[in-house]
1. Yes or no: region 80-97 includes at least one residue that is at pLDDT below 95, more than 17 Å from SER17 (Cα to Cα), touching a Phe, Trp or Tyr at 6+ places or on another chain (Cβ under 6 Å) and not in a helix (DSSP H, G or I).
2. Quickly run through region 140-161 and pick out the residues that are surrounded by fewer than 22 Cβ atoms within 10 Å (Cβ to Cβ) and acidic (Asp, Glu).
3. Can you tell me which residues in region 84-124 are under 15 Å from GLU339 (Cα atoms) and under 12 Å from the mean Cα position of the chain (by Cα)?
4. For region 172-206, give me each residue that is open to solvent by 50 Å² or more (accessible area, probe 1.4 Å) and either assigned to a loop (DSSP other than H, G, I, E, B) or touching a Pro at 6+ places or on another chain (Cβ under 7 Å) (or both).
5. Test each condition in (1) surrounded by fewer than 20 Cβ atoms within 10 Å (Cβ to Cβ); (2) under 23 Å from the mean Cα position of the chain (by Cα); (3) within 25 Å of THR309 (Cβ to Cβ) for HIS137 and report the one that comes out false.
6. If I filter region 281-294 down to residues being open to solvent by 40 Å² or more (accessible area, probe 1.4 Å) and at pLDDT 90 or above, which single residue comes out as nearest to GLY157 (Cα to Cα)?
7. If I ask for residues that are of a type outside the set (D, E, K, R), in contact with a Pro (Cβ under 6 Å, 6 or more places away or on another chain) and open to solvent by 40 Å² or more (accessible area, probe 1.4 Å), which ones from region 61-96 would you list?
8. Among the residues of region 302-338, write down those that are surrounded by fewer than 24 Cβ atoms within 10 Å (Cβ to Cβ), closer than 29 Å to VAL135 by Cβ, out of contact with any strand residue (DSSP E or B) (no Cβ under 6 Å at 6 or more places or on another chain) and not small (Gly, Ala, Ser).
Amino acid sequence: MPSTDDRRFAVLQAIVSDYVSTHEPVGSKALVDRHGLGVSSATVRNDMAVLEAEGYIRQPHTSSGRVPTDKGYRQFVDRIAEVKPLSQGERRAIMEFLEGGVDLDDVLRRAVRLLAQLTRQVAVLQYPTLTSSKVRHIEVVPLNPARLLLVVIMDTGRVDQRLVELGDVISEEQVSTLRVLLGQALEGKHLSAASVAVAELANQVDHDMRDPVVRSATVLVETLVERSEDRLVLGGTSNLTANAADFGGSPGAMLQILEALEEQVVVLKLLAAAQHPGMVTVRIGEEMEDEQIRATSVISTGYGAAGATFGGVGVLGPTRMDYPWAIAAVSAVARYVGEVLSAR
């Protein structure tokens, strides 16, 4: 026989499941009719009274059924025994869709669009952070004898192109030498180390290469160090409108959430705190530090590959959320985004 605590959790689990599905307060008779709890209506009513007294459920209106509180959702999430895995077909479809992205921007846009469709929530994804990036390759392309194009490719799939205006014409042999020098200084290094290496390069080359190296190094240091990495990709913000009733139907509450998404700082902070691929973090309602999004839940994890974390990805929506499915979807998309980017 299950313990009293286990039985009461089964009642809470049933209330969460029904409320997420119907958005209607749940009564004891409905629980007995719909779920094989194996106990009488009187026992269920008693369990609901205890759950209410302990703050796991509440009665929104007199004579209505009960709905979960933030504490109830937290208990439910903490005790989820199994997260429904995606089917092989679903996983293959996700991978094929992401692999169809033509570049980093397209892959990330596809990821948030897909995650928003899967969960019917707002999907958020942080651009690969520069601090975790390494230079995979640098190419030097002569546009004319006095102008070069530098193409820097990161291991995250990010590609930067920068023009270098030379003080004098440069020969094909010098272009080849510059390509080798920059490649040796940069490739395989994290960006902080790469910027130091390229800055020191001018003191290590022959006189005839000093000017093109200095000019290239100046452009590269700006690219590697001075570019902001705090950037989000959003998808499915219209899902907030579809869930407007969950925020009390208040335009003010919805506006606060939209402003937080637009400003990005609050959400970036949440994603930065959950940057361990494979480990999902769930924050619910009152657990949010920022008041703007205290009516929401955020499910997030990190994405990356080969032990490196590129950034964070997750969904934001009302506390009335299908947590098992959202956790599974966030985990799957994070995994495949990391795999797709690392393979490029």
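1. If we filter region 80-97 for residues that are at pLDDT below 95, which is where we start, we get 80-97.
Still in the list and also more than 17 Å from SER17 (Cα to Cα): 85-97.
Filter once more, so that each one left must be touching a Phe, Trp or Tyr at 6+ places or on another chain (Cβ under 6 Å): 94-95.
The next check asks that each one be not in a helix (DSSP H, G or I); those that pass are none.
There is no residue in region 80-97 that is at pLDDT below 95, more than 17 Å from SER17 (Cα to Cα), touching a Phe, Trp or Tyr at 6+ places or on another chain (Cβ under 6 Å) and not in a helix (DSSP H, G or I).
2. ASP160
3. Within region 84-124, LEU108, ALA111 qualify.
4. GLU187, GLY188, LYS189, ASP206
5. (2)
6. My answer is ARG283.
7. VAL83
8. Result: ARG335, TYR336.
The values are calculated or read from the model by the stated rules, or taken from the named source; none is laboratory data. It should be emphasised that the depicted structure is a prediction, and the values quoted were computed from it without experimental measurement. Please note: Cβ atoms are built from the backbone with ideal geometry, for glycine as well, and neighbour counts cover all protein chains shown. Each accessible area value is taken on the protein alone, full model and side chains, heavy atoms only, with ligands, DNA and RNA left out. Shrake-Rupley method; radii C 1.70, N 1.55, O 1.52, S 1.80 Å.
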